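Below is one structure, written out as structure tokens; the observations come after it.
Values in this text are rule-based calculations from the coordinates and carry no lab data. The model shown is predicted, which means the values in this text are computed figures rather than measured ones. Ideal geometry is used to build each Cβ from the backbone, glycine not excepted, and the neighbour counts take in all protein chains shown.
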């Protein structure tokens, strides 16, 4: 009996010794893996820090920081996700190709990042889709967005009755862009780039709204336009909007005195005060509206953005007794703006070295119709500085017609029919 107990004790001691040994081995393995993972993770954070620094040094690619937003380095794989724009598989392949190429595998992070950006741009230039093929560009200079907003953006001060508030009025600062639903992709692009705002559909009309209204999000808008200024007379509305926003941010609009300051500012913005506000605040003294002094177009990307909003590519087919088939084809590139921006509109003549300015009631149209200038100046410019949205499709069709005309195809009956078929699918007729 005692012998049996003695054997049991020996086996127990052996079992406990083996168990502790195995547990110790697993603990050491786990500790090694954990330390390795933490080191890799730190490496990823260091790389991300370098990436941010590189982007801030190179302003032209700064918006790419919003796309290359989530990076981490894990053993054997550099995993990246480029939200909403580049397919994940492409992003992973791009980074892996950089990591494992013998000529740059040991290079600095700056060189690796530069190579990745070139791969992404190469992906776009080949016509590969991003964001489901809706947007045909990525690494835009931020002036592109400013140019588009110079054409389509609105700075709004909303003042409505609200008896629950001490002043009896609710005040809100809004930045808004309204587009046809066909151009929703542009609003998605801007929303993703800025990281703020909401997109809503108007059920009764084919309209999509991009709206920024939260105080912390308006700050992002102000930061953008302070760095990349508007150059149309909309700049004056922005300056008043910014002044009103600071009153709202300080809560001064919750007092009668602050409310009156907002009303004085609103009276000088956009279309002024509504009948309701004029009755509620008679004899209001308006705040003078700042006037921008146009100097120059700041960047070609500004013009690409502005054209995406305010430009048109027309194919005109009209009767001509001098043509064998009785019709003539003319290509027209046009930009339209309110007459208060006539100085800006005239500057396009110098910018392109072509075209003219024509008044149309309260609007000004800049037009280029000379065929050689269309093919040698307009088309090469927008081939390089991309238009996005549905208007890019009009530009593509415009280029097709230009190529047909270069080859004199428009002088044949079959060629004219071909151009007619392209024309009837362009501009407002495009689905």
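Evaluate the relative contact order of region 300-429 (contact order divided by residue number), counting alpha-carbon pairs under 8 angstrom at least 6 apart; express in whole percent.
Values: 165 pairs, mean separation 33.2, N = 130.
Result for region 300-429 is 26 percent.
Would any residue of region 155-181 have its amide N under 11 Å from a label point 7 Å out along Cα→Cβ of residue 283? List them or say none.
Hits in region 155-181 for residue 283 at 11 Å: none.
Using the number of other C-beta atoms within 10 angstrom as an exposure proxy, rank 144, 302, 235 with the fewest first. Mind showing how you got there, number by number?
On the way: 144 28, 302 24, 235 18.
Listing 144, 302, 235 from fewest to most nearby Cβ atoms yields 235, 302, 144.
Remind me, relative contact order of region 143-280 in percent, using alpha carbon pairs under 8 angstrom and six or more residues apart? Please report the intermediate quantities before stating the final value.
On the way: 165 pairs, mean separation 32.2, N = 138.
Once normalised by length, the contact order is 23 percent.
Binning at 10 angstrom from zero up to the longest distance, how are the C-alpha pair distances of region 316-426 distributed in percent?
13, 39, 35, 12, 1
Hey, fewest Cβ within 10 Å first, where do 361, 340 land in order? The partial results should precede the final answer.
Numbers: 361 6, 340 15.
Going from sparsest to densest Cβ surroundings: 361, 340.
Enumerate the whole-percent occupancy of each 5 Å bin, from 0 to the last occupied one, for all C-alpha pair distances of region 143-280.
Once binned at 5 Å, the Cα pair distances of region 143-280 give 2, 9, 19, 21, 20, 15, 10, 4, 0.
So if each residue of separation counts as 0.36 nm, and I subtract the Cα-Cα distance between residue 161 and residue 350, what length gain in nm does that give? Display every interim value, and only then the final one.
Working: separation 189, 0.36 × 189 = 68.04 nm, distance 4.90 nm.
Full-extension gain reported as 63.1 nm.
Would you work out the relative contact order for region 267-350, in percent, from Cα pairs under 8 angstrom that are 6 or more residues apart? Can you show the working numbers first?
Details: 55 pairs, mean separation 18.0, N = 84.
About 21 percent, as a whole number.
Set the Förster radius R0 to 51 Å, insert the Cβ-Cβ distance between residue 424 and residue 276 as r into 1/(1 + (r/R0)^6), and round the FRET efficiency to 0.05. Each step should come with its number before you reach the end.
Details: r = 46 Å, r/R0 = 0.89.
After rounding, the FRET efficiency stands at 0.65.
Under a point spin-label approximation (7 Å from Cα along Cα-to-Cβ), what is the residue 407-residue 320 distance to one decimal in nm?
2.0 nm
For the pair residue 198/residue 154, report the inter-label distance in nm, with labels modelled 7 Å from Cα in the Cβ direction.
1.7 nm
Please compute the length gained on full extension between residue 209 and residue 400, using 0.36 nm multiplied by the number of residues separating them and subtracting their Cα-Cα distance.
Values: separation 191, 0.36 × 191 = 68.76 nm, distance 3.21 nm.
Gain on stretching residue 209 to residue 400: 65.6 nm.
Going by average Cβ density within 10 Å per residue, which order do the peptides 256-263, 369-376 take, highest to lowest? Intermediate values should be presented prior to the final figure.
Working: 256-263: 17.5, 369-376: 15.2.
In descending order of packing, they fall as 256-263, 369-376.
With a Förster radius of 56 Å, plug the Cβ-Cβ distance of residue 372 and residue 260 into 1/(1 + (r/R0)^6) and report the FRET value to the nearest 0.05. Let's see the in-between values first.
On the way: r = 58 Å, r/R0 = 1.04.
About 0.45, to the nearest 0.05.
With a 10 Å radius around each residue's Cβ, average the other Cβ atoms per peptide and rank 276-283, 209-216, highest first. Please list the in-between numbers first.
Working: 276-283: 12.0, 209-216: 16.0.
My ranking of the peptides, most packed first, is 209-216, 276-283.
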